[in-house]
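Chemist: First the structure, which I've put down as structure tokens, then a few questions once you've had a look.
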Amino acid sequence: MIQFPSPARSETGRGLVPFITQRAGEEAAPANLHILRELRGGYRLFYGDEDVRDRPLRGLLWARCSFTHDEHGMPTGEPQWKMMHPYRQMLTMLAGRCQICTRPAKTPLGYVYMAGPRDEDPGQESILTNQPPVCARHVRSVQALCPHMQGEPLVFLISSAPLYGVMGTVYGMDQGGGVVPVASPKEPLRFDDVRAPMLLGSQLVRRLSRFRVMTVAELLDELGPTGTS
């Protein structure tokens, strides 16, 4: 069962910090990666000391990263603004929680996903995103905190956003039998991709389709005061 702080709210001298933001002191764990030949054929990447927490979704191996948090479970440490903690990103994306505060992100109008003004073509039929949703009360916060949201960010309002795949690093073996990274695909791998068993996942991706494109002001105006409280 997924456990979140209730609600998560973290601030530094620079103000509010999104729950998904990686912090100073949160480091990738030693790799300890191995490759196993499976009885039914093919190969699979695994940790030498893995447990059930290392495969939280559809049997995919997830990148380990340490946690720094206080007695309330809140992340602590200087925010690393350009980085998302791989496990916190996955948890919020999987559970449909706000990337800022971890409250349920669904608004009276649907789920809100955001992108920078130059990140996506709003005329596309579908969009892949690694950004977890945002609750109505923190739409303005995302606009202010995220450098790539500067200007007039795009708001995608949607009733559902199915899981699509995972971003991460594909591993293989070198000539000496050592485990080495062989590819970091720019596009997410679908769950049924033949490379998935050799992937170390770091970001969960959803697919947005049949969405309404709005500005932040239009969204908040349509939600009204009761929808953002």
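Chemist: With respect to the numbered conditions (1) under 15 Å from the mean Cα position of the chain (by Cα); (2) open to solvent by less than 50 Å² (accessible area, probe 1.4 Å), which one is the sole condition not fulfilled by L94?
Modeler: (2)
Chemist: For the stretch 175-211, which residues satisfy the criterion of being assigned to a strand (DSSP E or B), more than 16 Å from the chain's Cα centre (by Cα) and free of Cβ contacts under 8 Å to residues at least 60 places away in the same chain?
Modeler: V180, P181, V182, A183
Chemist: When you scan the stretch 137-155, do you find a residue that is farther than 21 Å from I100 by Cα and of a type in the set (K, R), even just one?
Modeler: No - not one qualifying residue is present in the stretch 137-155.
Chemist: Among the listed residues I2, I35, I20, I100, which satisfies the condition of being at pLDDT below 90 and open to solvent by less than 80 Å² (accessible area, probe 1.4 Å)?
Modeler: Answer to the selection: I2.
Chemist: For the stretch 50-91: of the residues being open to solvent by less than 60 Å² (accessible area, probe 1.4 Å) and among the polar types (S, T, N, Q), which is farthest from P18 (Cα to Cα)?
Modeler: Filtering the stretch 50-91 for residues that are open to solvent by less than 60 Å² (accessible area, probe 1.4 Å) and among the polar types (S, T, N, Q), the one farthest from P18 (Cα to Cα) comes out as S66.
Chemist: Identify, from the list P108, P132, P147, the residue that is closer than 17 Å to W81 by Cα and open to solvent by 70 Å² or more (accessible area, probe 1.4 Å).
Modeler: P147
Chemist: Looking at the stretch 162-219 only, could you name the residues that are of a type in the set (K, R) and touching a strand residue (DSSP E or B) at 6+ places or on another chain (Cβ under 8 Å)?
Modeler: R190, R195, R206, R207, R210, R212 - these are the residues of the stretch 162-219 that are of a type in the set (K, R) and touching a strand residue (DSSP E or B) at 6+ places or on another chain (Cβ under 8 Å).
The values are calculated or read from the model by the stated rules, or taken from the named source; none is laboratory data. From a predicted model like this one, the values you see are computed outputs, not experimental measurements. When we count neighbours, we look across all protein chains shown, and the Cβ atoms used for this are built from the backbone with ideal geometry, even at glycine. For accessibility, only protein heavy atoms count, side chains too; no ligands or nucleic acids. Shrake-Rupley method; radii C 1.70, N 1.55, O 1.52, S 1.80 Å.
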